[in-house]
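Report on one structure; see the data block that follows.
Readers should treat all values here as calculations from the given coordinates under stated rules, not as data from a laboratory. None of the values given here were measured: they were computed from a predicted structure. Note that each Cβ is placed from the backbone with ideal geometry, even for glycine, and that neighbours are counted across all protein chains shown.
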Amino acid sequence: MTSRLDLAPPSRSFAADDDAPHRLLPAAPAGGSTVFDRMGERLGHLEDVVVDEVTGKVAYAILRCGGFLGFGRRCRPLPWSLLAYDARRDGYVLRIERRELEQGPSFDPAAFDPSDDGAYRERVHAYYAPFGAKPHWT
């Protein structure tokens, strides 16, 4: 098994892999990890993680989902605190329902400006706060 960065929040209620010899991994390999809902259905994959360069904390993960043959795909920024690593699935479990995800913020990856937009970041966290998301800056 390859080394994995346990980027999951401290409360790992989904099959914590406490026997894993390594829990650190560069952010790039986290990209591509599958994301599941709590029922085990595949939602998509992590396209990337966004790290606050000042604090070093993961701000959010970018979930890529939907579409067919690359068309119609959407990316959804997810506060990292809503994801938990599940060693049995070798992927992450999202702690909210699919419908809540689908109603949340999204963007077209072809039109996304990666520069830090504090207002957008706060809208993302405001949407997910009722579901227990913790902003990375607190």
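Listed highest first by mean packing, meaning other Cβ atoms within 10 Å per residue, what order do 37-44, 50-57 come in?
Packing order, densest peptide first, comes out as 37-44, 50-57.
For Tyr92, which sequence-distant residues (separation of 5 or more, or a different chain) have an amide H within less than 5 Å of its own amide H, given hydrogens modelled in the peptide plane?
Answer set, sorted by chain and number: Thr34, Val35, Phe36, Asp86.
Please go through the stretch 77-138 and write out the trypsin sites (Lys or Arg not before Pro) that DSSP classes as loop and that have at most 13 other C-beta atoms within 10 Å.
Loop-located and lightly packed - Arg88.
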